[in-house]
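The values are calculated or read from the model by the stated rules, or taken from the named source; none is laboratory data. Keep in mind it's a predicted model, so treat the numbers as computed, not measured. With ideal geometry, Cβ positions are generated from the backbone for all residues, glycine too; neighbour counts draw on all protein chains shown. The accessibility values were calculated without ligands, DNA or RNA, using every heavy atom of the protein model including side chains. Shrake-Rupley method; radii C 1.70, N 1.55, O 1.52, S 1.80 Å.
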Amino acid sequence: MKALAVCKKTLREMAREPKSLVMSLLLPFVFLGIFGSAFGTPRLQTHQVHIVLEDPRGAPLLRAIQAERYADGRPAFQVRRVPSAAGSEEPLEAGTISAVAFIGADREGRPSLKVRGDATSMRFISVSGVLGSLHTRIAEGLDGRQAIRIVERPIVEVGPVSEFDVFAPGLIVFAMLLLIPQTAMILGREVRQGTLRRLRLTRLGSAGLLGGVTLAQMLVATVQTVLIFLGALAVGYHAQGSIV
């Protein structure tokens, strides 16, 4: 019962300082917005790519790009061959294509690859990574070495639809962890105000004090978890499996 009394006291003091409580509840939404805007693109989408074939000896790499498929059979790239990059600047800046790839050949006749795009875009980062692995595999194969291809297959039927789906659960946990500094501030305030000395007169033990403060913070964490989960859904999180 003493822990419940401490819990009520802690909640009343939080209500007297609404700005601090609101800041604690809203701070995770800042990170939610940042991650949602940065990683909200589809994870396994078919990327629009313009390719400039500068040397016919790079044709094996071009064919490999055109044939690349995800584990579910969807094409990784929708390729459009263009004579030069002049006509690709506008769609690249507008974001209608993910990258422009220049395929040539080095001195030994092996395909060479240069990729141009927005380095701050997750789509370009994904595209450049896949193109780079394809280039390495084709170059090694032409050198007579055994080319290793890594094929990812999900161990469950459903998986993250976007990169944000990977980060959202961690952000929900992170939101609760942000309450730890507030808990430390509450306990520090009790020490400064002499509350602990007065509470000892009521034979309140450390378990009752910490239990009451923890219970109050758990109630706040419950509200925060619901809010951040709803916020994640609004930003584009695809919840899969049991919500509980």
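May I ask you to order 127-136, 174-183, 13-22 by the average number of other C-beta atoms within 10 Å around their residues, highest value first?
Values: 127-136: 17.7, 174-183: 15.2, 13-22: 12.2.
So the order, starting with the most tightly packed, is 127-136, 174-183, 13-22.
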- Heavy-atom accessible surface of the chain: percent carbon and sulfur, 1.4 Å: 62
- Item | Low-density loop cleavage sites - trypsin sites (Lys or Arg not before Pro) in the stretch 49-128, where at most 12 other Cβ are within 10 Å (DSSP) | 107
- Message: Tell me the mean residue ellipticity at 222 nm calculated for the chain from its helices only (DSSP H runs of n ≥ 4, each -39500 (n - 2.57), averaged over every residue, nearest 500).
- Response: -18500 deg cm²/dmol
- Item | Helical segments meeting 24 Å axial Cα length and Kyte-Doolittle -1.0 threshold in the chain (DSSP H) | 18-39, 122-142, 206-235
- Message: In the chain, if the dipole is taken from +1 on Lys/Arg beta carbons and -1 on Asp/Glu beta carbons about the Cα centre, which of 164, 102, 208 is farthest to the positive end?
- Response: 208
- Message: For the stretch 91-134 and the stretch 64-89, what is the centre-to-centre distance using only Cα atoms, to the nearest Å?
- Response: 10
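Which value, in debye to the nearest 20, gives the size of the charge dipole of the stretch 60-117 about its Cα centre, when Lys and Arg are +1 and Asp and Glu are -1 at the Cβ?
Working: 9 positive and 7 negative charges, 48 e Å.
Rounded to the nearest 20 debye, it is 220 debye.
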- Message: Tell me which of 64, 185, 87 sits at the most positive position along the dipole axis of the chain, charges placed on C-beta atoms (Lys, Arg +1; Asp, Glu -1).
- Response: 185
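How much area per residue is accessible in the stretch 1-111 when the probe is 1.4 Å and only protein heavy atoms are counted (Å²)? Intermediate results must be reported in sequence, preceding the final value.
Working: 6440 Å² over 111 residues.
Per residue, the stretch 1-111 has an accessible area of 58 Å².
Only four residue types carry charge here, +1 at the Cβ of Lys and Arg and -1 at the Cβ of Asp and Glu. Report the dipole size of the chain about the Cα centre in Debye, rounded to the nearest 20.
On the way: 28 positive and 19 negative charges, 314 e Å.
Dipole size: approximately 1500 debye.
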- Item | Antiparallel DSSP beta bridges within the chain, percent to nearest 5 | 45
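Please state the relative contact order of the chain as a whole percent: Cα pairs under 8 Å, 6+ residues apart? Display every interim value, and only then the final one.
Numbers: 284 pairs, mean separation 71.9, N = 244.
Answer for the chain is 29 percent.
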